């Protein structure tokens, strides 16, 4: 199994100011040795490391880890997509073959239409040249803009992180469900079953709480375009690593063994072009 979404960090309050007092359990360092122990216990074979800071130093740091730890299969880094010189930066960074995607923290941008900026779209337009996917980090309210973004780049692979963060805590399905179905009509869009427990009530969620959302993404994307991610260590505010992996498998438990194999291994390899 490939865990398609996790983070590393050396904690400091300046760079990780989003970690609130309520999330104090993750106000510490999380490094490869910590994750390796978790995946061994959960029966996970390899992982994809995703940026948590928006700087080139973060991308290079993750690529260095990936070069030294075999269980890290790929990196989703950050690059300044709005920079006119992003093409040159990508030439340098993709010399490291484990860079397989890039991401920008779109849901923290004050402008909900940031992803529709011309300079941002110019940056997106060069990614396919380097065989890179793009991970989309949004809230459910950004789905209409995301559909517009994807339609501008029909040949670009896009991967929706955290099922587009619906309001699970409030039990709200619409308009997220309808808009996700519309987005999924684009065959170049994949989705991660991840980040769900932190959108639910951290203390009282159950698999039944998450089931309508998991069923929706399965209907939308099917085993050929759906993957599992832990969002470790962020998930630790709501559950431990092994519990989430067990829950994700339970949510997909009605599928055949072949379909589950696609979600756990084949689809991530294809979406991220991992060789």
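Since every read-out is calculated from the coordinates, none of them should be taken as a lab result. Predicted model only: the values in this text are computed from it and were never measured. Neighbour counts are summed over all protein chains in view; Cβ atoms, including those assigned to glycine, are modelled from backbone coordinates with ideal geometry.
What the table below lists for this structure:
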{"quantity": "Compactness of region 166-259, expressed as Rg and Dmax over alpha-carbon positions, Å", "calculated": "12.9, 36"}
{"quantity": "Cα gyration tensor shape for region 15-100, rounded if a/c is under 1.5, else prolate or oblate", "calculated": "oblate"}
{"quantity": "Within region 2-271, percent of DSSP bridges classed antiparallel, to nearest 5", "calculated": "5"}
{"quantity": "Ellipsoid equivalent to region 148-198 - semi-axes via the Cα gyration tensor, in Å", "calculated": "22, 13, 7"}
{"quantity": "Dimensionless Rg over Rh [region 122-179; C-alpha; Kirkwood]", "calculated": "1.04"}
{"quantity": "Gaussian network model of the chain, springs between alpha carbon atoms under 10 Å - residue of 237, 197, 189 with greatest fluctuation", "calculated": "237"}
{"quantity": "Projected label distance in nm at residue 188 and residue 121, using a 7 Å step from Cα toward the beta-carbon", "calculated": "1.3"}
{"quantity": "Kirkwood-based shape ratio for region 52-156, expressed as Rg/Rh from alpha carbons", "calculated": "0.96"}
{"quantity": "Segment residue 57-residue 95, length gained on full extension (0.36 nm per residue, minus Cα span)", "calculated": "12.1 nm"}
{"quantity": "Residue 85 paired with residue 167, simple spin-label distance in nm, labels 7 Å along Cα-to-beta-carbon", "calculated": "4.4"}
{"quantity": "Where a label projected 7 Å from the Cα of residue 209 along Cα→Cβ would reach, residues of region 170-187 with amide N under 11 Å", "calculated": "170-171"}
{"quantity": "Rg over Rh [alpha-carbon atoms, Kirkwood Rh] for the chain", "calculated": "0.93"}
{"quantity": "Relative exposure of 73, 20, 46, judged by other C-beta atoms within 10 Å (fewest first)", "calculated": "20, 46, 73"}
{"quantity": "Sorted by Cβ neighbour density within 10 Å, fewest at the top, the residues 120, 158", "calculated": "120, 158"}
